[in-house]
Structure formats: C-alpha cells, structure tokens
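The values are calculated or read from the model by the stated rules, or taken from the named source; none is laboratory data. Just so we're clear, the structure is a prediction, and the values are computed from it rather than from any experiment. Cβ placement follows ideal geometry from the backbone for every residue including glycine, while neighbour counts extend to all protein chains displayed.
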Amino acid sequence: MLEDPLLNRTEETARLTAAWSAGSTGRPQLAVLWGRRRVGKTFLLSHFVESKRSVFFAATRQAEGVELRRFADAIRRDLGDRAGDLAAGGFPNWEVALRFVATLAEEAPLAIVLDEVPYLARSSPGFASIVQSVWDHLRQGTKLLLILTGSAVGIIEEMLGSGGALRGRPALQMRLDPLDPKQARLFLPKLTSATFCEAYAACGGYPLHLKSWDQNLSTLRNLRRLAFTAGGLLLEDAAGILSEELPDKGGYLRILGALGRGRTRHSEISGEAEQRVDHPLDVLIRSGFLRKNLPLGAPKGARPTYALNDPYLAFWFGVLYAERTLIEGGQGRAVEKRTAPLWQSHLGRTFEELVRGHAQRLVGSGAWPQDLIVGRWWSQRGVDCEVDVLGLQGKRTALVGEARWQKAPLGSRDLANLRVKLSHVPHPIAEPILTLWGRSGGSDAIKRAGATVFDVTDVVDGV
C-alpha cells in the first residue's frame, strides 16, 4: 500500500482507467506516457496499477542482459512464483520477454509498466521496433495494457513521430508536464496565498519539490534548507532534469544561463552566450524549457522575446546557477543575501504569470467578456511601453492591467501610470477595463476611481 496519496492527475488517471478497461475486454492497449524528470510519472503509475494484476519494471542504465534478468525478477515479485518459475533464468532478448507477458495476458487482464524506456533503447538498439513487432502480432483477445514511460522527452517523441517505430500504435499518448499553480496549491494548503506564491516560485510544479517544502517553516528557512545549502534538493535537481533531455554539446546551459541573467532577445542571448543560437533555441522550445513570446496581437514580423517556461528552472538559472560553487563551499548565507534582489525580481515575474492565468480564468468563468483574448503586450516601435495584462476584443484593447509584487496596497499613482499606457496600446475602446493586481490589493481611492482591483488571495485561491 502506497503511503502518500495521489494529488491531482484526475484526467490522466481517468484516461489510463479507460485504457485498462478496454484492454481487459481483449482489445490490447499500448499507452505511452512521457515528461521530464520529477513531474510524477512513476508515482502516478505506481498508484494506478497498485490494485491491478500488474508488473512494474523500472529500467536502469545497465546492459541488456542485466535488465532482462531484472525484468524476470519483477515478474516473480509482482505476479508470484508460478509466473516467476515460467520466467526463471531470464529472457534471451526483449522480443521473447514481451511475448511472454503477452501470453500471461491471455488468461487474465494484465498491466505491464516499463518505466524509463529510453534506458532500454540505449542498451538494446531497436527496442522500439521490437515493441512494434510484438504489438503487431498479438493474438486476438489478449487482455494486455502495456505502458511505456520516459523522461527523455526527445527520444519518446522520436519513437512516436513520423518515421518512428511506434507511430500510430499507441491507443493512449500523454505528456505529463509540471503541475499548474492550481494543482500545485493542493500540496501546500496550509500556506497563505502570498507564501504559496513564494513556494511556487522556488519549486515550480514538481510534486517532489512541493512535498519537500515544509509548511511549518518560513520561506527564508525553506530556501536556506533546500536551495542555499550544499546538497539541497532545489540546488541539485535542475542538473538532473536538464541532463535527461539536453546533450552536452550545443551550449544549451550557456543559453539558459543568459536567459536567467535577464537576456530575453535573440541578439542579447547570442551575445551573452557567444554562439549562434537559432537551432539551440528551437530545441529548447520543443522540449518545453523555453517559450517564445510575442506581444498580443503583434503584427507580422514582430520581434519575439524568449523566457524560461518553468518557475523552478527560472529560479535556478536566475538566482542559483552562477553561485553553485560558493553554496557548495559553505557560503550559502552570503549568497542568500547577495542574491536577494534577484529573488525578488523572480517573484515579481512569477506573480505576473499567475496574474495572467487569473485573468484567463476570469474570462472562462464569465466574469469578463467571453471573447476577450488575454496576454502580455509591449510596444514594437516608438515609446517604450509594456503592459502585463492586455485583453483584446477583435483588434481593439478592452482590458489593460498591471501586476505588482509589493507589500503596500497599490494607489492612485499606479492607476495614473496605467491610464498613461492607454495612449499606446492598440485601438482602445471607449471604456476599457482598468485592472490592478497587487500582493495586498489596492486602496479604496483607486476602487472609487473605477479600477478593478485584485489581491494575491484572489489570484491564488479565487476563480
């Protein structure tokens, strides 16, 4: 019995359950589940198969013969001595092993989980083709659910893509990404809304990080324990997440480091990293580490900016990356103080992202017009102007909003600054929605002046 409950992943569990039900009726199901390390793939699947006739096999980086013997041991462990005796001595290759478990699934429904399939693909060349061959020749009525998982996103997507051996075979394909803020909130229910923002800014949507955050300690003490101490989870984990997906060559860490230092435009990133960046940027975007931003409603040819697409990695590259040697050498407290402004800047950017999500939920709930498209906007020429939250109805601006991560309530000066931006945004309507988001909300004066105001509790725990 697993001790920790499964939080969230309701939709993923429902889709897996549907595949299990179909497989149990004699329609074999191949499922592929992938996503970077720490997103909870193994935890989800361990819970899913716990009460089912199943074998859970976690591949390692060992030779093919070792893995095949380990697989035979897993069969004995999970299915008992009768099945284990039939598999005694291991298997000569993966084709024989997979045909064996398919035979076991002829008598009763069976789920097989092969966790970290990319390891098997490295030790057994052609592994995906072997799965394809076995799958294409399964006997009618086989009650099998075969689940393949992997953290090396590129390898899994290559198996499934055009020309990939598994293209068109899986009945179920799911990519697991880090949890969104609403899902992450369930891991830290005791925290205030503001403190949760700080925890999320450091941990991102990774379940293990969130579970490691002590709700009885302050943000500072958690950061000291997890980030500013040698061996701390948040200090160490990014390297493992990145190594699964990114090759050593290509300058990917230099590019991500440049973004962490605030370089967001193509030319800035290229200059900081001292290399050509077109191909690496494309790889980083496809893998989900970066996103390419354009101002909402941007004309053709608008210049993009780039941003880290993950709060935890943005924290790591923006605050910790350049200081790892000092932290590992025992100078974490000094680094903590020196990087305090960087941490506050990161908190501000994280709050802005949460605010845009809140604005989109307001549209979805019907509180704001249903045809409102929400995003970020900045001017492409002329006066330098940025708007944290812009809403377009067609080509006209119907919402202008700003987010501020500051202790004091927002006031009349903040509203006045927002009104100035109305002269620069695209085609504002006569009475656009003027909105301010602040950690502590806003003053009564700006509410009386007609502005809509939200605080951090609205953002985190509201609609």
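Yes or no, residue by residue, for (1) in contact (Cβ under 8 Å) with a residue 60 or more places away in the chain; (2) charged (D, E, K, R):
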{"site": "A14", "(1), (2)": "no, no"}
{"site": "T17", "(1), (2)": "no, no"}
{"site": "A22", "(1), (2)": "yes, no"}
{"site": "T25", "(1), (2)": "yes, no"}
{"site": "Q29", "(1), (2)": "yes, no"}
{"site": "V32", "(1), (2)": "yes, no"}
{"site": "L45", "(1), (2)": "yes, no"}
{"site": "E50", "(1), (2)": "no, yes"}
{"site": "A59", "(1), (2)": "yes, no"}
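Selection over segment 30-86 of residues that are of a type in the set (S, T, Y) and in a loop (DSSP other than H, G, I, E, B) gives a count of 2.
P432 meets the conditions (1) in a helix (DSSP H, G or I); (2) more than 28 Å from the chain's Cα centre (by Cα) in every case but one. The failed one is (1). In this structure, does F228 turn out to be part of a loop (DSSP other than H, G, I, E, B), touching a residue at least 12 places away in the same chain (Cβ under 8 Å) and crowded, with 18+ Cβ neighbours inside 10 Å? The answer is yes for F228. Somewhere in segment 200-207, is a residue touching a helix residue (DSSP H, G or I) at 6+ places or on another chain (Cβ under 8 Å), over 14 Å from F317 (Cα atoms) and part of a helix (DSSP H, G or I)? Within segment 200-207, one or more residues are touching a helix residue (DSSP H, G or I) at 6+ places or on another chain (Cβ under 8 Å), over 14 Å from F317 (Cα atoms) and part of a helix (DSSP H, G or I).
Under the condition of being within 13 Å of G257 (Cβ to Cβ) and in contact with a Phe, Trp or Tyr (Cβ under 8 Å, 6 or more places away or on another chain), the residues counted in segment 269-313 number 6.
Does any residue of segment 286-300 turn out to be part of a loop (DSSP other than H, G, I, E, B), in contact with a strand residue (DSSP E or B) (Cβ under 8 Å, 6 or more places away or on another chain) and at positive phi? Yes: one or more hits. Filtered by the rule that a residue be within 33 Å of the chain's Cα centre (by Cα) and without any contact (Cβ under 8 Å) to a residue 40 or more places away in the chain, segment 435-446 gives L436, G438, S440, G441, G442. Here is a check on your reading of the model: is L294 over 20 Å from the mean Cα position of the chain (by Cα), surrounded by fewer than 18 Cβ atoms within 10 Å (Cβ to Cβ) and at pLDDT 90 or above? Considered against the rule, which asks whether it is over 20 Å from the mean Cα position of the chain (by Cα), surrounded by fewer than 18 Cβ atoms within 10 Å (Cβ to Cβ) and at pLDDT 90 or above, L294 comes out as yes.
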